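The values are calculated or read from the model by the stated rules, or taken from the named source; none is laboratory data. These numbers were taken from a predicted model, which means no experiment stands behind them. Neighbour counts run over all protein chains shown; Cβ positions are idealised from the backbone, glycine included. Heavy atoms of the whole protein, side chains included, go into the accessibility calculation; ligands, DNA and RNA do not. Shrake-Rupley method; radii C 1.70, N 1.55, O 1.52, S 1.80 Å.
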Amino acid sequence: MINPRFEKEAFKKDVEQNVKQLFRKTVDEASQQELYQAVSYVVKDAIIDDWIATQKQYEKDDPKIVYYMSMEFLLGRALGNNLINMTAYKEVKEALEEMGLNLNELEDQEPDPALGNGGLGRLAACFLDSLASLGYAAYGCGIRYRYGMFKQKIKDGYQEERPDNWLKNGNPFELRRPEYAKEVRFGGNIRVEYDDKTGDIRFKQENYESVLAVPYDYPIVGYDNHIVNTLRIWDAEPIVDFQLDSFDRGDYHKAVEQQNLAKTIVEVLYPNDNHYAGKELRLKQQYFFVSASLQAALTKYKKHHDDIHKLPEKMTIQMNDTHPTVAVAELMRLLLDEEGLGWDEAWEITSKTCAYTNHTIMSEALEKWPIDLFSRLLPRVYQIIQEIDRRFVAQIREMYPGNEEKVAKMQILRDGQVKMAHLAIVAGYSVNGVARLHTEILKKQELRDFYEMMPQKFNNKTNGITQRRFLMHGNPLLADWVTDKLGTKDWITDLSLMSGLKKWVDDEEALKEFMSIKYENKVRLAKYIKEHNGIEVDPRSIFDVQVKRLHEYKRQLLNILHVMYLYNEIKEHPEISFYPRTFIFGAKASAGYIRAKQIIKLINSVADVVNNDRSINGKLKVVFIEDYRVSNAEIIFAAADVSEQISTASKEASGTGNMKFMLNGAPTLGTMDGANVEIVEEVGAENAFIFGLSSDEVINYENNGGYNPMDIYNSDADIRRVVNQLVDGTYSQGDKEMYRDLYNSLLTAQGGSKADTYFILKDFRSYADTQKKVEEAYRDKDRWAKMALLNTASCGKFSSDRTIQEYVDDIWHLDKVTVEV
Ligand code: T68
């Protein structure tokens, strides 16, 4: 049943009223931005009723709560998604039309809340959607960055970064909650106090700096169930009392310091993915939100329970990678120092409460904080980690007597570093990877010693995505078609039902409809590309898409080298038939990642040459979509024919874009890496295009000193030609140095890394051959349509609803809640 607030007449009146109250204007006078806000406040109002009802129900039922701790939540826009989850999207769209307004245009007024880099942050957002939709009590805990992921501009083919001032116009959906503010302390020293009478020891932090953490709550609306959970992201403010105090004492300096600390701590999201930079401010950010979130969680628990020992029955903490791992030591600190528990009791509670998800095996992403920095910033937390480490080492020695090599490999504090993954594994009760292959690699390679010592902690949770955003919102045409063909909307909350579409694979009419929806979506994307890039693309060409963060291991370089190869082929053999192709890229490179930025420049340079060569009759187009983000991703997935998932096998933990393409009917062209393996398993090898080395082969080469790319360079003339074109000026207006570094990276070992670290030349032939098969398959319209439909029909496993249910069953053990309104 539709919420009465969204009944057309009531809704229209409320919008008018909001425009008047907020801006002293009529609907005719208001700007699109003002109208977006007016509409959003009506929606928020409706959400708040459910939000209150949900929280009341939680108080009553007292379910176990999961706290999902994450440095990143890559939410994407809220307005459309909230309307969808409140089942009011169509109603509101029509009401707005009656007012002469277009909902899509208003949605475009909303800045993308981009508090994340890529997969890890987006996964957190999908998880929150699924938790609410399944009816589980959950808090997302994170940081309210003043500036989110930078905006990308392409100037002369180069990436430029612009600040993402996403809060510029305020944010209709957030709620500041000063009543839940908490103090967070940094630095200083620890004084040990002995109580002569009781014999108790107390640890007191002195001479510290502190900030006030103030939470902002975001509603997370479940699908059609009146459940609204909370994403709590923390802002930092100076502690006013201290500040006045400081002024009184003439300690002006200290007051300014507090102001600065508060301002800098939440200023900006670090724009690295799969890379550890070791910056002090980053550690401050981590401790800041973790400490505030845990303090708030304990306050909440104690409000209704008096036995702190039973904490693990009522809450669990999931750590999204090692970034919030300081949580285990902070929880120990709170239990020891604030609750007055003994070590064993505190440890018993902590190690039943914290769980850890690993998202990468890339060694450069592993967090290892220098001990001097860590202990200076978090002196008490560091003491606690020392004790955790001391006890863990004793345990290793007991289990492996005389094996000091084990100790060296597994210790938390070693080589002057705090190894965060080790801390997370030792203190947590669960360690999970994010796809089956990834978890196997963790067990057999990266975390082998830990797996051998505590196998019971290890488990796999293959990632998933939310069909509410990536099908219903992103691809409404296909969503309606699916509902029609399945004869039910139930797939919206049970994606396994998609398999029911399989009965249409031999129905010509259905296949035609399916492909004409794809075509409509390609037209929509072509329009977007024309508007944003000024490039004309033909929606009848094959849309071959690679959108994801720019990283060498993801091998955008392989893709563009292959485009260069195709271009050579077309030029050389204009007579051979070639199915027109549009290669679409979208990717942000971390601001300091020079080689990644060179690859962006190369893609744009190739685009310039190829797109402007009239002699090839538009057979080949290359588009680099500027500022790839959640909002344009939704449009891109819907329009893709081919999903490029071409990481070096073993390097991509899971991938989640691969699932979004599949859902939208784009077969995977990829390596046997991450969740691709499971995608192929679901859809069948005949409905995917797999190439390249296996992860075992890659790992084997790596363990034996790599391979020699010169062998390939010398023996394969096509490859040699393409590689040479990096340094012969073809794509750099004669400048032979512009891409020299990329050229060198493929052929020569340098600074500790092997030649062609990511096996690009090794996999090139197999990739090119497989691309040929893609073209052949596409020419056969019937075969392609079936393949595309079978991808959509086989994506059931990859809903984040399934993933979350597995976390609930195996790790969190939450209670389901229902809210009646
Ligand atoms: C991604 N990791 C994995 N990391 O690369 C991807 N890292 O395979 C997987 O599907 C996804 O996580 C979800 O599990 C990341 O996105 C980061 O963004 C990141 C950010 C900061 C520091 C390190």
Exercise. For region 546-648, what mean projected area does the convex hull of the alpha carbons give, in nm²?
Worked result: 6.8
Exercise. Restricting attention to region 272-375, which trypsin sites (Lys or Arg not before Pro) occupy a DSSP loop and are surrounded by at most 13 other Cβ atoms within 10 Å?
Worked result: LYS279
Exercise. Say R0 is 22 Å: what FRET efficiency, to the nearest 0.05, do GLU105 and ARG162 get from their beta-carbon distance?
Worked result: 0.45
Problem set entry | Over 26 Å between alpha carbons, listed pairs LYS489/LYS816; LYS530/LYS736; LYS522/LYS619; LYS443/LYS588 | LYS530/LYS736; LYS443/LYS588
Problem set entry | 25 Å Cα-Cα threshold exceeded, pairs from LYS485/LYS518; LYS518/LYS797; LYS485/LYS621; LYS461/LYS786 | LYS485/LYS621; LYS461/LYS786
For this session: Starting from the coordinates of the alpha-carbon atoms of the chain, obtain the Kirkwood hydrodynamic radius over all distinct pairs and give the value in Å to one decimal.
Result: 28.2
Problem set entry | Spin-label pair GLU686/ASP716, simplified geometry with 7 Å Cα→Cβ offset, distance in nm | 2.8
Problem set entry | Estimated FRET transfer efficiency when R0 is 56 angstrom, pair HIS304-ASP782 (beta carbons, to 0.05) | 0.35
Exercise. How do TYR628, TYR356 rank by accessible surface area computed with a 1.4 Å probe, from largest to smallest?
Worked result: TYR628, TYR356
Problem set entry | Dipole of the chain, positive direction: furthest Cα of LEU478, GLN556, VAL418, with charges on the beta-carbon | GLN556
Exercise. Using a simple charge model, +1 on the beta-carbon of Lys and Arg, -1 on the beta-carbon of Asp and Glu, nothing else, what dipole does the chain show about its Cα centre, in debye to the nearest 20?
Worked result: 880
Problem set entry | Per residue accessible area in Å² of region 467-798, where ligands, DNA and RNA are left out and the probe is 1.4 Å | 36
Problem set entry | Nearest-20 debye value, region 409-529 charge dipole, Cβ charges on Lys, Arg, Asp, Glu | 540
For this session: Rounded to the nearest Å, what's the spacing between the alpha carbon centres of region 593-640 and region 162-221? Just the number, please.
Result: 44
Problem set entry | Normalised contact order of the chain, rounded percent, pairs of Cα under 8 Å and 6 or more residues apart | 14
Seminar exercise, completed: Listed by chain and number, the aspartates and glutamates with an alpha carbon less than 12 angstrom from that of LYS56, same-chain partners under 8 positions apart left out, are GLU820
Exercise. Lys/Arg Cβ at +1, Asp/Glu Cβ at -1, dipole of region 487-591 taken about the Cα centre: which of PRO580, VAL547, MET515 is farthest positive-ward?
Worked result: VAL547
Exercise. For region 245-359, how many pairs of lysine residues have a Cα-Cα distance under 19 Å, where the two are 8 or more positions apart or belong to different chains?
Worked result: 13
For this session: At 1.4 Å probe size, with every protein chain present, just tell me what the per residue accessible area of region 1-74 comes to in Å².
Result: 49
For this session: Just need the Rg to Rh number for region 467-798, please, alpha carbons only, Kirkwood Rh.
Result: 0.97
Seminar exercise, completed: With +1 at each Lys and Arg Cβ and -1 at each Asp and Glu Cβ, the charge dipole magnitude of region 29-143 around its Cα centre, to the nearest 20 debye, comes out at 580
Problem set entry | Contact order relative to length of region 467-798, as percent, for alpha carbon pairs under 8 angstrom and 6 or more apart | 22
Exercise. Which order do VAL523, VAL393 take by accessible area at a 1.4 Å probe, largest first?
Worked result: VAL523, VAL393
For this session: Considering only protein heavy atoms, with the full assembly of protein chains and a 1.4 angstrom probe, order LYS197, LYS60 by accessible area, largest first.
Result: LYS197, LYS60
Exercise. Taking the DSSP beta bridges in the chain as the whole, what percent of them are antiparallel, to the nearest 5?
Worked result: 45
Exercise. Roughly how many nanometres apart are two label points built 7 Å out from the Cα toward the Cβ at ARG176 and ASP449?
Worked result: 4.9
For this session: Would you tell me the accessible area of HIS813, worked out with a 1.4 angstrom probe on the heavy atoms of the protein chains, in Å² to the nearest 10?
Result: 100
Problem set entry | Nearest-10 value in Å² for the accessible area of VAL431, using the 1.4 Å probe | 0
Exercise. What's the carbon and sulfur percent of the chain's accessible surface, probe 1.4 angstrom, rounded to a whole number?
Worked result: 47
Exercise. So how much accessible area does ARG524 have, in Å² to the nearest 10, using a 1.4 Å probe?
Worked result: 90
For this session: Select from TYR58, ASN617, LEU298 the residue farthest towards the positive end of the dipole of the chain; place +1 on Cβ of Lys and Arg, -1 on Cβ of Asp and Glu, and compute about the Cα centre.
Result: ASN617
